[in-house]
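Trainee: Take this structure, written in structure tokens, and hold onto it; I'll ask about it next.
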Amino acid sequence: QVQLVESGGGLVQAGGSLRLSCAAAGSIFGIHTMGWYRQAPGKQRELVAAITTGGGANYADSVRGRFTISRDNAKNTVSLQMNSLRPEDTAVYYCNLKYLYAWRSDDLWGQGTQVTVSS
């Protein structure tokens, strides 16, 4: 069973930067994406960014131009560089591994890491 281990969260002032990392322990087989979701208090969990094995990436409109997702296929890691952070970016950030099949997908989640941006 693949496990996702996250790191890099913390407290930062508005305008600052953080880099989140997620390491997948175990071999990943098949078609999949890796990405980051976040959930703020009282809000639904939302997609922040996702990336394919080929390097194609999708971003939420709220983070496009500020955040950059990347992955190292050899090391089974995915990172999220977060620049120009805003207080509204405050949330628990979750690493996501999504397996893609013909008719469905399966999700594996990390434990979450807190990102707090002070004004």
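The values are calculated or read from the model by the stated rules, or taken from the named source; none is laboratory data. Quick caveat, the model's predicted, so the values are computed rather than measured. No Cβ is skipped: glycine too gets one built from the backbone with ideal geometry, and neighbour counts run over all protein chains shown. Protein only, heavy atoms only, side chains kept; ligands, DNA and RNA dropped before computing areas. Shrake-Rupley method; radii C 1.70, N 1.55, O 1.52, S 1.80 Å.
Trainee: Against the definition (open to solvent by 40 Å² or more (accessible area, probe 1.4 Å), closer than 13 Å to MET34 by Cβ and touching a Gly at 6+ places or on another chain (Cβ under 8 Å)), how does LYS75 come out, yes or no?
Mentor: So LYS75 fails the test.
Trainee: Return the pairs, sorted by first residue and then second, in which the second residue is open to solvent by 10 Å² or more (accessible area, probe 1.4 Å) and in a loop (DSSP other than H, G, I, E, B), the first residue lies in the range 31-49 and is among the acidic types (Asp, Glu), the beta carbons are less than 8 Å apart, and the residues are 6+ apart or on different chains.
Mentor: GLU46/ALA60
Trainee: With the requirement that a residue be over 22 Å from ARG104 (Cα atoms), modelled with pLDDT under 95 and of a type in the set (A, V, I, L, M), what does the range 27-85 give you?
Mentor: Residue satisfying the conditions is ALA74 alone.
Trainee: Related question: Of ARG38, ARG19, which residue is of a type in the set (Lys, Arg) and under 13 Å from THR77 (Cβ atoms)?
Mentor: Result: ARG19 is the single residue among ARG38, ARG19 that is of a type in the set (Lys, Arg) and under 13 Å from THR77 (Cβ atoms).
Trainee: Picking from LEU97, LEU47, LEU85, which residue would you name as being assigned to a loop (DSSP other than H, G, I, E, B) and touching a strand residue (DSSP E or B) at 6+ places or on another chain (Cβ under 7 Å)?
Mentor: LEU85
Trainee: Something else: Can you pull out every residue in the range 69-111 that is of a type in the set (A, V, I, L, M) and under 11 Å from the mean Cα position of the chain (by Cα)?
Mentor: ILE69, VAL78, LEU80, MET82, VAL92, LEU97
Trainee: Does VAL117 count as under 17 Å from LEU20 (Cα atoms), at pLDDT 95 or above, more than 15 Å from the chain's Cα centre (by Cα) and part of a strand (DSSP E or B)?
Mentor: In short, yes.
Trainee: When you go through TRP109, TRP103 one by one, which is the residue that is free of Cβ contacts under 8 Å to residues at least 12 places away in the same chain, surrounded by fewer than 18 Cβ atoms within 10 Å (Cβ to Cβ) and either at positive phi or hydrophobic (A, V, I, L, M, F, W, C) (or both)?
Mentor: That would be TRP103, the only listed residue that is free of Cβ contacts under 8 Å to residues at least 12 places away in the same chain, surrounded by fewer than 18 Cβ atoms within 10 Å (Cβ to Cβ) and either at positive phi or hydrophobic (A, V, I, L, M, F, W, C) (or both).
Trainee: Could you count how many residues in the range 24-52 are touching a Leu at 6+ places or on another chain (Cβ under 9 Å) and among the polar types (S, T, N, Q)?
Mentor: Residues in the range 24-52 being touching a Leu at 6+ places or on another chain (Cβ under 9 Å) and among the polar types (S, T, N, Q): 1 in total.
Trainee: If you don't mind, there's one more thing I want to ask. Within the range 70-87, take every residue that is free of Cβ contacts under 8 Å to residues at least 40 places away in the same chain and not basic (Lys, Arg) and give me the one that is farthest from ILE31 (Cα to Cα).
Mentor: SER70
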